[in-house]
Each structure stands twice: as structure tokens, then as C-alpha cells.
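Engineer: Here it is, the structure in full.
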Amino acid sequence: MLAKRIIPCLDVKDGMTVKGVNFVNFRNAGDPVELGRQYSEAGADELVFLDITATFEGRKTFVDVVRRIAAGVSIPFTVGGGINELKDVATMLGAGADKVSVNSAALKNPQLISDIAGNFGSQVCVCAIDAKEEAPGDWTCYVAGGHIPTGRKLFEWAHEAQERGAGEILFTSMNHDGVKCGYANEALARLHDELSIPVIASGGAGRMVDFRDAFTLGHADAALAASVFHFGEIKIDELKDYLRKQNICVR
Amino acid sequence: MIAIVKYNAGNIYSVVHALRRLGVEPLVTDDVETLHAADKVIFPGVGEASTTMAYLQAKGLDRTILSLKQPVLGICLGMQLMCRYSHEGGVDCLGIFDTEVKRFEPQPGLKIPHMGWNQIYRLQSPLFASTRENDFVYFVHSYYVPLCDHTAAVCDYPTPFSAALHKDNFHATQFHPEKSGDIGSRILNEFIRL
């Protein structure tokens, strides 16, 4: 059976992970490659690395990081942050990334998704969407790290992304992100019903039951989280044991 | 020496890294002599079938791969190209495995591509000597090889299909051992030790 995926997300700035981590006996806490390896060994199914660097030098550093991750980690990984044009995609895939995620740049220029899918295949193109529920069931897409609202609505944009060839939707609920009270399961379920590509849930993980609900109520194909993993609040191997006991297929 | 067939495949360097993690330094080459002289050959692949076949033919690599006598491992598209015919682009392929390659039929609730970790079973090849029934490996594909005489591992999505093939010196996996964590490393290691 196809397993539900658990995906830790790491923010990288100037080549180092930003959020603190809480691995016991772990010396290189800031090294994204070491962290990626630790998560891989703990049972993570995939990894996402987001470059939150703003400078040109930082970007070059990130490409080196991607190269080192590709050499050192034996599970698939996605890179995102600052993917603005096809050239950036080629650079990341060339450095060894399996997938790239596009967010603001795709909302600004939806053709980017078509170009990525056409040149490299749908399987490399993850369309990340940050959206906020502004009235019940009414979700607006935001760009620039969730700072600027766009006129686009979540469901119609997700549809367009799929039509253009996105291979997956990574949906972050801004209402739920950081609150640690569960994912946006109603919106996730609607995305699942309306789309034929996999949906990754993001924003809201606080307890193990939140992951279960994202899979059972939200029908998500994968669940992404950052701080609960980084601070050791939830251990991936324990989470997988828990999900297995809840009759959810995990690796 | 392990040679990796050099062509416009997306996952060549993932395979190189995976072998390096096992302590093997492979040679990536499209030189016919070098491929023939290698102890083992890996034929990777991520891409589209008909354009890739055309590229292999233009380089004469199709005849080379067919004529190899040492252990050969096809991965993902590499495996599909080793079959008789692919419905992706409607193209005749190498014909090592006498079977066709079909597209997953859309059905409600079925996500295409088949992407992620899935279980393999009915393991019947030396590549799986250190793999257990129902271990998880990583798949990304929209086309599949039905069950056939050469099926060496089965996966369900939701109907059973060939997760691996084996005939004589030719081995192939639909999944990506180079991205399948420890299990994938073990499978690659068994190939190295053949």
C-alpha cells in the first residue's frame, strides 16, 4: 500500500538551519546536511529545504548545501525559496535536488509551472500555496512569505497549478501555521476531492493526533512539519508507531 | 568497474551518489567500448520514453545495451526502455523483456503519478537477498509494466504491477533504489556483489 509520507521542513539561511534543534548528542545542530541525515535515519520519508537567504552570496551557499545533501542523503528531497525562473530550477536539479517548490513566482507568472513540467517533468514541480481563510471556506492566496494577499483563491489556483502540470500541491494554512492545534483538514479534504495530484498538508502540527487527522479527515497524502520535529516534541519513529496503531499506512 | 550509461536521464547523479555511499566510484560513460568492458552496467532513467529511445538510437546505445553480457541494472525509465513497447509516445523499445509498458488508468481517488513509498512483495531475484517481503521503496512513475514471466517483485497501485524484472543478466527496478534509503542501498549493494 502507498504510505502516507512524513516530511520535516528545514529553513536554511546562509548555509545553516535557522530554527533550533534538540537532538541529543548532536554536535552539528546547524548543518542542514547532518540534520537531513538524522531525519532520514529517524524515518522521515522526504525532506524539504527552504532557502530563506536574501543575498546573492547566500544563494550560492545554498546551491553548495543542496549538492552536499544530494551526496549524503538517500531519500528524496525538495528545495524551495527563491525559485523564480527556469534557470533556478535547472541549477537546483543540477545540484541534485529531486523536486523544487515554487510559490510566489508561480502566482506572479503561472507559466513557470508549465515550463518546469514541460522541461523537467511534473514529478519535480511542487506548487506551494500559502493561504488564509478570510471567511468560512473562502481562502485567499498570499505571497512573500504570507505577507501580501493576492486576488487568487486557493481552490481555483490549485486547479490551475494542476492543469499546468504541477506534480504536487503543498498547502500551508496561515490560520493554522504556528498554532499547533491541527491542520486545516476541511480545506485539505476539499483539495483532495477536487484534485488528482497528491496534496501535502502544512501548518498546524502540534500533537501526533494532528497528523492522524490530516490523513484521515483531510485525506492528505503527506504531512509536513518543522518545529515539532526540530524541538524534539514529536519523534518521527514514535509518530510512525502511533500512526501504524491508528491503521494508517506508513513506512 | 561499474559503468553508468550516460545519456539525458535525470537521475544519473543520484545513482552516482548512492554508489559512492556504498564505497564504489562508478564511471559515467556513453563510450561503447568502455560499457562493454565494465564489470557491471547501470542504465538509469528519468524522462520520457519516445524521446529517450530516439536519443539512445542516435548514439547507438540501444544495440550496445542489448549486447551486454555482464549484469545490467535498469532503473525506472531504464527498466521501461528494456521492455518491448511503451505506450508513452508509442515507441518500440529494446525488447529485452517481452512485455509492454502501459499508463495507469485514471480512476477516482487514484493519484497519478504513483509517487511515494510503496511495498514490494513476491521477491524473486538475487537483488532482493537482503530485502524482506513488504519492505517499502520509493516510486515515481505514470507508466507501469504489467505482471509478466519476468516479474521479480510485485507492487500494488491498486492493481498489481511489476516492481522489478529479471531475465538472465538483465535486472531492472521500477522504483528508485538510489532514493529508497537503507532498503535501496541494500538492493544496490546486492547488485554490486553479483
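Engineer: Taking 0.36 nm per intervening residue step and subtracting the Cα-Cα distance, what contour gain separates A:Asp241 from A:Glu160 on full extension?
Structural biologist: Length difference between fully extended and current span is 25.5 nm.
Engineer: Treat every Asp and Glu Cβ in segment A:5-244 as -1 and every Lys and Arg Cβ as +1, leave all other atoms uncharged, and give the resulting dipole magnitude about the Cα centre to the nearest 20 debye.
Structural biologist: 440 debye
Engineer: Further question on the same structure: If we count every other residue with Cβ under 13 angstrom of B:Pro146's Cβ, Lys/Arg +1 and Asp/Glu -1, where does the sum land?
Structural biologist: Cβ neighbours under 13 Å give a net charge of -2.
Engineer: Could you list which residues have their amide H under 5 Å from that of A:Ala220, counting only those 5 or more apart in sequence or on another chain, with H placed in the peptide plane?
Structural biologist: Amide H neighbours of A:Ala220, under 5 Å, 5+ apart: A:Phe215.
Engineer: May I ask you to evaluate 6.51 cos²θ - 1.76 cosθ + 1.60, the Karplus curve with θ = phi - 60°, for each residue of segment A:41-46 and list the ³J(HN,Hα) values in order in whole Hz, giving x for glycine and proline?
Structural biologist: For segment A:41-46, the Karplus curve yields 5, 6, x, 4, 8, 7 Hz.
Engineer: Translational D (Stokes-Einstein, µm²/s) of the protein assembly as shown at 37 °C and 0.692 mPa s when Rh comes from the Kirkwood sum over C-alpha pairs? Don't skip to the answer; put the middle values down first.
Structural biologist: Details: Rh = 22.2 Å.
In µm²/s, the coefficient rounds to 148.
Engineer: Based on the Cα gyration tensor of segment A:5-244, what are the three equivalent ellipsoid semi-axes, each the root of five times an eigenvalue, rounded to whole Å and given largest first?
Structural biologist: After scaling each eigenvalue by five and taking roots: 25, 23, 16 Å.
Engineer: Using the Cα gyration tensor of segment B:126-194, with a ≥ b ≥ c the square roots of its eigenvalues, what is the shape: rounded (a/c below 1.5), prolate (a/b larger than b/c) or oblate (neither)?
Structural biologist: Taking the square roots of the gyration eigenvalues as a ≥ b ≥ c, segment B:126-194 is oblate.
Engineer: Assign one of three labels to segment B:76-179, namely rounded, prolate or oblate, based on the Cα gyration tensor with a ≥ b ≥ c the square roots of its eigenvalues; rounded applies when a/c is under 1.5, prolate when it is not and a/b is larger than b/c, and oblate otherwise.
Structural biologist: The shape class here is oblate.
Engineer: Please order B:Lys102, B:Lys69, B:Lys111 by the number of other Cβ within 10 Å, starting at the fewest.
Structural biologist: Fewest-to-most Cβ neighbours within 10 Å comes out as B:Lys69, B:Lys102, B:Lys111.
Engineer: As a test of the formula, what do you get for the protein assembly as shown when each DSSP H run with n ≥ 4 contributes -39,500 (n - 2.57) and the sum is divided by the residue count, at 222 nm and rounded to the nearest 500 deg cm²/dmol?
Structural biologist: Per the formula, -9500 deg cm²/dmol.
Engineer: Output ³J(HN,Hα) for segment A:226-236: one whole-Hz value per residue in order, computed from phi by the Karplus curve 6.51 cos²θ - 1.76 cosθ + 1.60 with θ = phi - 60°, and x for Gly and Pro.
Structural biologist: So the Karplus estimates, Gly and Pro as x, are 10, 5, 4, 7, 4, 8, x, 5, 10, 8, 5 Hz.
Engineer: Can you compute 3J(HN,Hα) from phi for each residue in segment B:87-95, using the Karplus curve 6.51 cos²θ - 1.76 cosθ + 1.60 with θ = phi - 60°, rounded to whole Hz and x for Gly and Pro?
Structural biologist: Residue by residue, segment B:87-95 yields 6, 7, x, x, 10, 6, 10, 6, x Hz.
Engineer: Is segment B:2-193 best put as rounded, prolate or oblate by its Cα gyration tensor, with a ≥ b ≥ c the root eigenvalues, rounded for a/c under 1.5, and otherwise prolate when a/b is larger than b/c, oblate when not?
Structural biologist: oblate
Engineer: Quick one: work out the % antiparallel among DSSP beta bridges in segment A:121-201, nearest 5.
Structural biologist: 45 percent
Engineer: Using the alpha-carbon centroid of each, what span in Å lies between segment A:125-150 and segment B:41-118?
Structural biologist: Centre-to-centre (Cα) distance: 39 Å.
Engineer: Just to confirm my numbers, what's the Cα centroid distance between segment A:197-251 and segment A:76-100 in Å?
Structural biologist: The distance from the Cα centre of segment A:197-251 to that of segment A:76-100 comes to 25 Å.
Engineer: With +1 on the Cβ of every Lys and Arg and -1 on the Cβ of every Asp and Glu, and nothing else charged, how large is the dipole of segment A:105-175 about its Cα centre, in debye rounded to the nearest 20?
Structural biologist: 160 debye
Engineer: On to the next question. By counting other Cβ atoms within 10 Å of each Cβ, how are A:Asp115, B:Asp39, B:Asp156 ranked from fewest to most?
Structural biologist: By the 10 Å Cβ count, ascending: B:Asp39, B:Asp156, A:Asp115.
Engineer: Taking the beta-carbon count within 10 Å as an exposure proxy, list B:Cys148, A:Cys9, B:Cys76, A:Cys181 from fewest neighbours to most.
Structural biologist: Least to most surrounded, the residues fall as A:Cys181, B:Cys148, A:Cys9, B:Cys76.
Engineer: In segment A:55-210, what % of DSSP beta bridges are antiparallel (nearest 5)?
Structural biologist: Restricted to segment A:55-210, the bridges split so that about 35 percent are antiparallel.
Engineer: Mind checking which lysines have their C-alpha under 22 Å from B:Lys111, skipping anything on the same chain fewer than 8 residues away?
Structural biologist: Correct list for B:Lys111: A:Lys4, A:Lys99, B:Lys102, B:Lys179.
Engineer: For the charge dipole of chain A, defined by +1 on Lys and Arg C-beta atoms and -1 on Asp and Glu C-beta atoms about the Cα centroid, which residue among A:Val73, A:Asn84, A:Gly204 has the Cα displaced farthest towards the positive pole?
Structural biologist: Positive-most Cα among the choices belongs to A:Val73.
Engineer: How big is segment A:1-143 by Rg and Dmax over its Cα atoms, in Å?
Structural biologist: 15.7, 46
Engineer: Please list, ordered by chain and number, the residues whose modelled amide H lies under 5 Å from the amide H of A:Asn175; skip anything fewer than 5 residues away on the same chain.
Structural biologist: A:Glu133
Engineer: Run the Debye formula on the Cα coordinates of segment B:16-115, all scatterers equal and no solvent, and tell me log10 I(q)/I(0) at q = 0.24 1/Å.
Structural biologist: -1.32
Engineer: Which FRET efficiency value, to the nearest 0.05, do you get for A:Val18 and A:Glu186 by plugging their Cβ-Cβ distance into 1/(1 + (r/R0)^6) with R0 = 35 Å?
Structural biologist: 0.70
Engineer: Next question, about the same structure. Using R₀ = 56 Å, calculate the FRET efficiency as 1/(1 + (r/R₀)^6) where r is the Cβ-Cβ separation of A:Phe231 and B:Leu194; round to 0.05.
Structural biologist: It comes out at approximately 0.80.
Engineer: Tell me the label-point distance for the pair B:Glu48, A:Ala144, using the 7 Å Cα-to-Cβ offset, in nm and rounded to one decimal.
Structural biologist: Label-label distance for B:Glu48 and A:Ala144, simple model: 3.8 nm.
Values in this text are rule-based calculations from the coordinates and carry no lab data. In this text the structure is predicted, and so the values were computed from the model without any measurement. Glycine gets a Cβ as well: all are built from the backbone with ideal geometry, and neighbour counts include every protein chain shown.
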